[in-house]
Amino acid sequence: MNQGLEVIDIAMRIVGAKSLEMDRPLQRYYRDMRAGLHNPPMEDMAYTNIAKSVLGLFE
């Protein structure tokens, strides 16, 4: 996630204000990446579920 935010921030700086136009895909990518910041982190839960699946520990 952090790498994606860094990439989109750099791309937005390179393109400038035009990147905010609604017909530009960058504005969508920017919104999508920033929206992820408002969701709780799920990495720990994902790792736990993968481990349980591999070990056959799901109930």
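So the values come out like this:
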{"item": "Any pair with Cβ under 7 angstrom, 6 or more apart, that starts in region 21-42 at a residue that is over 13 Å from GLU6 (Cα atoms) and at pLDDT 90 or above and ends at one that is surrounded by fewer than 12 Cβ atoms within 10 Å (Cβ to Cβ) and not aliphatic (A, V, I, L, M)", "result": "ARG24/LYS18; GLN27/GLU21"}
{"item": "Sole exception among (1) in a helix (DSSP H, G or I); (2) exposed (fewer than 11 other Cβ atoms within 10 Å of the Cβ) for VAL7, by number", "result": "(2)"}
{"item": "Boolean, ALA17 is small (Gly, Ala, Ser), out of contact with any helix residue (DSSP H, G or I) (no Cβ under 6 Å at 6 or more places or on another chain) and either surrounded by 10 or more Cβ atoms within 10 Å (Cβ to Cβ) or touching a residue at least 60 places away in the same chain (Cβ under 8 Å) (or both)", "result": "no"}
{"item": "The listed residue being surrounded by 10 or more Cβ atoms within 10 Å (Cβ to Cβ), among the acidic types (Asp, Glu) and out of contact with any strand residue (DSSP E or B) (no Cβ under 6 Å at 6 or more places or on another chain), out of ASP44, ASP32, ASP23", "result": "ASP32"}
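The values are calculated or read from the model by the stated rules, or taken from the named source; none is laboratory data. Quick caveat: nothing in here was measured; it's all calculated off a predicted structure. FYI the Cβ positions are ideal-geometry reconstructions off the backbone, even for glycines, and counts take in every protein chain you see.
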